[in-house]
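Working notes, structure below.
The values are calculated or read from the model by the stated rules, or taken from the named source; none is laboratory data. Fair warning: this is a prediction, and the values are worked out from it, not measured in the lab. Virtual Cβ from ideal backbone geometry, glycine too; neighbours counted across all protein chains shown.
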Amino acid sequence: MKVLLDQNISRKLVKELQEAFPGSTHIALLGLQKASDEEVWNYARGNGFTIVTQDSDFNERSLVYGYPPKVIWVRAGNISTQNLERLLKQHTKNILLFEKDEILSCFQIY
């Protein structure tokens, strides 16, 4: 499973998440930092990514359009990059189970 980190998440996490989520990247590394939510959504869908975000926009889009792509919505407030990394790694097993779930389109992490 590879994740696409949204603009509100530090691109420093890309390197730190490679072991758990190989092939992951950040929208800025793809030149999508000024892309609309729809463009990011379509890129993720077309390239097999799960979107990781701290915004509700992609959750709302997943409710309307379903998946792919799936969405991981981090709802832990304004936390440090280090704590966000720890949170994602702590939930790796559940994230991987979420990827295989045929019903859920959004996984919320607190």
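Would you be able to say whether some residue in segment 50-66 is loosely packed, with under 13 Cβ neighbours inside 10 Å and of a type in the set (D, E, K, R)? No, segment 50-66 contains no residue that is loosely packed, with under 13 Cβ neighbours inside 10 Å and of a type in the set (D, E, K, R). Taken over segment 65-94, the criterion of being more than 24 Å from Glu38 (Cβ to Cβ) and touching a strand residue (DSSP E or B) at 6+ places or on another chain (Cβ under 8 Å) is satisfied by Ala76, Leu84, Leu87, Leu88, His91, Asn94. Looking at Leu29, Leu13, Leu17, Leu84, just one residue is modelled with pLDDT of 95 or more, closer than 14 Å to Ile109 by Cα and of a type in the set (A, V, I, L, M, F, W, C), and that residue is Leu84.
Within segment 72-87, if we keep just the residues that are surrounded by 16 or more Cβ atoms within 10 Å (Cβ to Cβ) and either without any contact (Cβ under 8 Å) to a residue 60 or more places away in the chain or touching an Asp or Glu at 6+ places or on another chain (Cβ under 9 Å) (or both), the residue that is farthest from Phe58 (Cα to Cα) turns out to be Glu85.
Here's the yes/no breakdown for (1) part of a loop (DSSP other than H, G, I, E, B); (2) among the β-branched types (Val, Ile, Thr); (3) in contact (Cβ under 8 Å) with a residue 40 or more places away in the chain:
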position	(1), (2), (3)
Val3	no, yes, yes
Gly23	yes, no, no
Ala28	no, no, no
Glu38	no, no, no
Ala44	no, no, yes
Asn59	no, no, yes
Pro69	yes, no, yes
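Closer than 18 Å to Gln108 by Cβ, touching an Asp or Glu at 6+ places or on another chain (Cβ under 8 Å) and among the aromatic types (Phe, Trp, Tyr): does that describe Phe58? Answer is yes for this residue. Summed over segment 29-47, residues that are over 18 Å from Lys100 (Cα atoms), surrounded by 15 or more Cβ atoms within 10 Å (Cβ to Cβ) and touching a strand residue (DSSP E or B) at 6+ places or on another chain (Cβ under 9 Å) total 4.
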